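**Q** Dropping the structure in here first, questions after.
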Amino acid sequence: RTGASAGKAEWKGRTEPSWRGGVGVVGVVELRWIDSAVSRPDCDEYGEMTAKHVLVLDLDHTILHMLKKGDMPSIDAGFAEDVVTFEHLGVEYAVALRVGTTSLVRAMLSARVHVVVATCNLVADKVMAALAARCADVFQDLEIHVIESREKGAKSLDGIGHGEPTSPTRKVVIVDDSLHAWDAADQPAVIEARRFDVLELARDAERDDEESDDRIDSELGYLTQLREDLLQRFATPPASDVTTASSPAAAPDDPPATTDDDGAVEVLPTPPAIGAAAAAVAAAVSSEGPASRKRPAEALPPTAPAGKGSNGVAAVDAVDENVAASLRLAKKFASASVVSIQPVTAVPLASVQ
């Protein structure tokens with residue numbers, strides 16, 4: 001298994017000869033998979049991905065700059081987060097990590113965003129291993145795809161297995177310093193990152209003028225701002241922020257219901273000046289809300305006999321008196337600002353329950 005599901009296998013066995021159904025059993029081997037991704041926030045207890053959104057990161061000049069160790073400038077000026085080294089074919093390389101990279105990846109994993117590396121760096125596995133040795137909980141077991149082609153548009157989401165259609169609950173964002181490295185169909189998903197070059201930053205540090213200092217200061221906060229932008233982009237509005245026609249929040253604005261001459265239930269406009277008092281009365285008169293805008297009266301359920309439960313005649317009379325009193329009170333408070341108020345016909349609750 002590779003990528004985020006990579007781990008190691010352990011086995012243990014015993015050699016206790018026995019007979020089972022005429023077959024001699026000389027040993028039992030138990031194979032158990034120990035998954036190193038289990039502790040990651042974007043995986044479940046079995047190491048399977050639970051993240052819905054995907055962030056695809058390029059390596060070179062996007063989140064790091066790799067050079068031969070002898071060519072790597074000093075980062076004492078603070079324009080790189082750290083420098084890690086590794087050896088390949090007898091040559092020692094140094095990798096300068098862009099300031100804010102670790103916190104960016106950690107924040108994405110904590111937000112249950114699946115982080116993928118897509119790079120043309122042929123030694124990306126050794127680069128990531130060196131970064132994981134520095135900070136295992138962030139860089140270990142990230143999904144890595146190495147694209148060997150150097151043609152424009154050689155990178156694609158289909159090519160790395162993440163070409164499924166996007167939706168509000170599944171977003172894919174690519175961060176790369178080269179827009180045209182990606183297939184034209186995927187370019188709308190690309191955030192073209194500002195090029196990270198430690199040699200240029202080292203020259204700015206040596207100049208020590210205002211313009212150079214501004215460039216370094218801008219570089220130091222670049223990934224922090226990108227991290228916040230990505231968190232907002234991947235954030236899904238909570239269900240409580242979405243109000244539908246059937247939600248309780250919409251009920252107070254529904255106009256009151258009454259009956260017309262043919263016995264059908266219809267809606268009359270609520271006088272605006274009555275405000276909350278009329279809305280409360282409307283809620284008492286029309287318990288069905290928007291669904292009762294044109295409903296035959298004969299379809300209503302029958303009322304209960306008097307004295308039996310809340311649908312009894314005595315109870316209805318008491319409620320009718322309260323409704324009438326509420327209307328009188330509402331008109332009284334509204335008289336100061338309204339010349340005339342259209343009356344609302346009170347309907348016995350028994351006829352609408």
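The values are calculated or read from the model by the stated rules, or taken from the named source; none is laboratory data. What you are looking at is a predicted structure, and each value in this text was computed from that prediction instead of being measured. Cβ: placed from backbone, ideal geometry, glycine included. Neighbour counts: every protein chain shown. Heads up: the accessible areas ignore ligands, DNA and RNA and are worked out on the full protein's heavy atoms, side chains in. Shrake-Rupley method; radii C 1.70, N 1.55, O 1.52, S 1.80 Å.
**Q** Would you kindly find the accessible area of D60, with a 1.4 Å probe and non-protein molecules such as ligands, DNA and RNA excluded, rounding to the nearest 10 Å²?
**A** For D60, solvent-accessible area is about 40 Å².
**Q** A further question on this structure: Going by accessible area, probe 1.4 Å, with all protein chains left in place, what is the ranking of V190, V116, largest first? Let's see the in-between values first.
**A** On the way: V190 20, V116 0 Å².
Sorted descending by solvent-accessible area, the residues read V190, V116.
**Q** Take every Cα pair under 8 Å in the stretch 68-224 that's 6+ residues apart, average their separations, divide by the length, and report that relative contact order as a whole percent.
**A** Working: 193 pairs, mean separation 36.2, N = 157.
Relative CO of the stretch 68-224 lands at 23 percent.
**Q** Taking a probe of 1.4 Å, how large is the accessible area per residue of the stretch 167-214, in Å²? Working shown, then result.
**A** Working: 2660 Å² over 48 residues.
With the other protein chains kept in place, the stretch 167-214 gives 55 Å² per residue.
**Q** Keeping all protein chains in the complex and leaving out DNA, RNA and ligands, what accessible area do you get for V83 with a 1.4 Å probe, in Å² to the nearest 10?
**A** Number for this one is 50 Å².
**Q** Work from the charge dipole of the stretch 89-219 (Cβ charges, +1 for Lys and Arg, -1 for Asp and Glu, about the Cα centre) and give the residue of Q187, G161, A94 farthest towards its positive end.
**A** Projecting each Cα onto the dipole axis, the largest value belongs to G161.
**Q** Of E206, E192, E92, which has the most accessible area and how do the rest follow, probe 1.4 Å? Before the final figure, lay out the partial values.
**A** Values: E206 150, E192 105, E92 80 Å².
Largest to smallest exposure gives the sequence E206, E192, E92.
**Q** Only sites in a loop by DSSP and with at most 12 other Cβ atoms within 10 Å count here; which GluC sites (Glu not before Pro) in the stretch 114-184 make the cut? Working shown, then result.
**A** Values: sites: E143, E148, E151; in loops: E148, E151.
Those that pass, being in a loop and sparsely packed, are E148, E151.
**Q** While we're here: Which pairs break 19 Å Cα to Cα here: K68/K155; K52/K155; K68/K126?
**A** Numbers: K68/K155 26 Å; K52/K155 21 Å; K68/K126 14 Å.
Table pairs above 19 Å Cα-Cα are K68/K155; K52/K155.
**Q** Given an 8 Å cut-off on Cα distances and at least 6 residues of separation, report the relative contact order of the stretch 158-216 as a percent. Numbers along the way, then the final one.
**A** Values: 36 pairs, mean separation 13.4, N = 59.
Relative contact order comes out at 23 percent.
**Q** Given charges of +1 on the Cβ of Lys and Arg and -1 on the Cβ of Asp and Glu, with all other atoms neutral, how large is the dipole of the stretch 133-193 about its Cα centre, in debye to the nearest 20?
**A** Details: 6 positive and 12 negative charges, 20 e Å.
Once rounded to the nearest 20, the dipole reads 100 debye.
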